[in-house]
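The values are calculated or read from the model by the stated rules, or taken from the named source; none is laboratory data. Quick caveat, the model's predicted, so the values are computed rather than measured. Glycine gets a Cβ as well: all are built from the backbone with ideal geometry, and neighbour counts include every protein chain shown. Note: accessible area is taken over every heavy atom of the protein model, side chains too, but ligands, DNA and RNA are not part of it. Shrake-Rupley method; radii C 1.70, N 1.55, O 1.52, S 1.80 Å.
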Amino acid sequence: MTDDRISASEGDPSGSPPEVSAEHHGDHTHRDVNGGWLRPAVFGAMDGLVSNFALIAGMDGGTESGSGFIVLAGLAGLAAGAFSMAAGEYTSVASQRELARAEIEVERKEIQRHPIDEEIELAETYRAKGLDPDLASKVAKQFHTDPEQALEEHVREELGIDPHDLPNPLLAAASSFICFAVGASIPLLPYLLGAGNVVPALILSLTGLFVCGAVVSRVTTRSWWYSGLRQLILGGLAAALTYFVGTLVGPSI
């Protein structure tokens with residue numbers, strides 16, 4: 001079977017651009033790896049579940065099982081953690097965004113002051129990537145016919161960022177807050193529904209840890225069972241150690 005399409009390397013005598021096959025078109029996509037919501041959302045849910053599970057386990061080990069102190073501690077841990085995570089994420093992402101913008105302005109001024117030098121610099125970047133020297137110079141010259149386009153290309157090549165897709169601090173903070181609260185509510189829910197001991201919270205939390213780990217595998221290369229089991233073991237270990245600390249400290253308070 002022959003392929004009637006004309007490849008980009010062969011050129012097209014008619015002058016029209018080569019066409020992408022129907023099989024390839026729309027099939028070659030990538031997941032968003034730079035979005036401002038995914039990392040804080042995943043980290044927030046995991047941290048909320050593990051930290052509040054460990055906190056409740058520690059309180060259960062140091063106080064009477066099912067006491068109101070456990071519920072109070074769980075609610076306080078949920079609220080404090082969610083607000084803390086949101087504030088931390090906002091500050092972190094806002095600082096990252098401000099730094100990126102400052103560096104973009106530095107590059108903008110350099111292009112305005114030394115356009116020829118910057119064009120040569122961009123051409124050298126393309127040559128280092130393997131482009132033919134003449135082609136690299138032509139591509140760099142083409143970009144520099146438009147200062148804004150030149151700026152975008154320099155920023156991508158030198159800083160590794162897209163100036164039009166900087167992380168959003170509000171989105172990161174909201175994602176972190178909501179997901180932490182959801183994760184932290186899982187070990188607390190059985191107590192709010194009247195549980196008299198830690199067993200229901202233990203079962204629900206370990207299940208939640210495995211499910212969260214399995215969900216994370218959707219954005220990684222790990223298998224769902226590996227990610228789920230890893231998160232279950234790490235979270236369970238954190239809770240077990242905190243419970244042990246509670247049994248040591250609780251009776252003396």
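The residue list GLY213, GLY196 contains one member that is of a type outside the set (Val, Ile, Thr), within 19 Å of GLY61 (Cα to Cα) and either modelled with pLDDT under 95 or outside any helix (DSSP H, G or I) (or both), which is GLY196.
Based on this model, can you work out whether LEU131 counts as without any contact (Cβ under 8 Å) to a residue 40 or more places away in the chain and within 27 Å of the chain's Cα centre (by Cα)?
Numbers: without any contact (Cβ under 8 Å) to a residue 40 or more places away in the chain: yes; within 27 Å of the chain's Cα centre (by Cα): no.
Judged against the criteria, LEU131 is not a match.
Among residues of segment 235-253 that are touching a residue at least 24 places away in the same chain (Cβ under 8 Å) and closer than 26 Å to GLY183 by Cα, those with a Cβ under 6 angstrom from a residue that is among the β-branched types (Val, Ile, Thr) and assigned to a helix (DSSP H, G or I), sequence gap 6+ or separate chain, pair up as GLY235/VAL50; ALA238/VAL50.
Looking at segment 174-191, can you tell me whether even one residue there is part of a loop (DSSP other than H, G, I, E, B) and more than 24 Å from GLU89 (Cα to Cα)? Full working, then the answer.
Looking only at segment 174-191, we keep the residues that are part of a loop (DSSP other than H, G, I, E, B), and these are none.
Checked against the condition, which is being part of a loop (DSSP other than H, G, I, E, B) and more than 24 Å from GLU89 (Cα to Cα), segment 174-191 yields no hits at all.
The condition of being surrounded by fewer than 18 Cβ atoms within 10 Å (Cβ to Cβ), touching a residue at least 40 places away in the same chain (Cβ under 8 Å) and under 19 Å from ILE70 (Cβ atoms) holds for only one of GLY183, GLY208, GLY196, that being GLY196.
Residues of segment 216-253 that are outside any helix (DSSP H, G or I) and farther than 19 Å from VAL42 by Cβ: ILE253 alone.
Selection of segment 111-164 for residues being more than 22 Å from ALA100 (Cβ to Cβ), open to solvent by 80 Å² or more (accessible area, probe 1.4 Å) and charged (D, E, K, R) yields ASP117, GLU124, ARG127, LYS129, ASP132, ASP134, LYS138, LYS141.
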